[in-house]
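The values are calculated or read from the model by the stated rules, or taken from the named source; none is laboratory data. The model shown is predicted, which means the values in this text are computed figures rather than measured ones. Here the Cβ positions follow ideal geometry from the backbone for every residue, glycine too, while neighbour counts run over all protein chains shown.
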Amino acid sequence: MSQGKQLRSVHPSRRRVFVALASLCAIGASGCAVPNQPRETQPPGPPPTLRIGPGDRVQVTVFGVNEMTGEYLVSDSGTISLPLAGQVPMGSMTTRQAEEALTQRLAQGLVQNPQVSINVTRYRQIFVVGEVQRPGGFDYFSGLTVLNAVALGGGYSVRADPRRLTVVRAADPARRAEPATEATYLAPGDTLQVPERWF
C-alpha cells in the first residue's frame, strides 16, 4: 500500500498528529535547531604586533648608565619619565621602535654611544565582560586567544552565546565591536564581550 493510501486510512485526528510531526522534522532538518549545530570558526590570522601602551611596565637598560636603568610605568600620555632624559614617548611603539627612539634621544649629548634594551615586563590587562563565570580584568600573555580569555573568566555561563562573540580593540579610537571566534587573537587592553543567547 502506498504512503498516501496509508495516511488516508488513518483516523483524521491521528493524521493531524502525523502531519505536525512531519513538519517539525522538516524544520529541524532545515537548520532551525541552532543549539545542535557546530560553532562557526575562521582562521585566526597571525598574532597581533604587540605595542607599548599606557599602563604597561617596561624594563629599560642603558648599558653603563645605572641612573637610567630600571623599570618604568608608561603614563596615560604614552611616555616614561627617564632620569636625565625627561619624558620619553613610547606609546604605540614596538619594543624595537622604542629602543631606536630612546637611542636617538640619548645620543643628543646625553650619553656617548648609547646602547639601549627595552622589554615589556607587564602588559595592560585584557577584559572579559558578559556571560562568563567570573567577568573582569586578566593579565595578558603573548598568543592569548578568545578561548584563553574565556577560560580565564571561568568558562561560559549557561546563558552564553559563543556564536556572537565580539572584541573591542584597545587600538581602535572608535571602540567598535568586531565579530570574533574562539580562535581570534587578543592584544593588550582589548575587551572580549560574551553575549547572552536569545533563546
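Data overview
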quantity	calculated
Residue satisfying condition, being closer than 25 Å to Leu73 by Cα and either touching a Lys or Arg at 6+ places or on another chain (Cβ under 8 Å) or surrounded by 16 or more Cβ atoms within 10 Å (Cβ to Cβ) (or both), within set Pro114, Pro173, Pro195, Pro162	Pro114
Of all residues making up region 145-176, the number that are closer than 16 Å to Pro135 by Cα and in a loop (DSSP other than H, G, I, E, B)	8
Any hit, region 116-124, residues being over 20 Å from the mean Cα position of the chain (by Cα) and closer than 26 Å to Gly45 by Cβ	yes
Matching strands (runs of 3 or more DSSP E) fully within region 73-143 where at least 1 residues are among the polar types (S, T, N, Q) and under 18 Å from Gln59 (Cα atoms)	79-82, 86-89, 116-122
Residue within region 117-127 that is touching a residue at least 60 places away in the same chain (Cβ under 8 Å), charged (D, E, K, R), out of contact with any Lys or Arg (no Cβ under 8 Å at 6 or more places or on another chain) and crowded, with 19+ Cβ neighbours inside 10 Å present	yes
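A quick yes/no check of all residues on (1) small (Gly, Ala, Ser); (2) at pLDDT 95 or above; (3) in contact with a strand residue (DSSP E or B) (Cβ under 7 Å, 6 or more places away or on another chain); (4) outside the structural domain of Arg164 (by TED's automatic domain parsing):
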residue: Pro44; (1), (2), (3), (4): no, no, yes, yes
residue: Pro47; (1), (2), (3), (4): no, no, yes, yes
residue: Ile52; (1), (2), (3), (4): no, yes, yes, yes
residue: Thr61; (1), (2), (3), (4): no, yes, yes, yes
residue: Asn66; (1), (2), (3), (4): no, no, no, yes
residue: Tyr72; (1), (2), (3), (4): no, yes, yes, yes
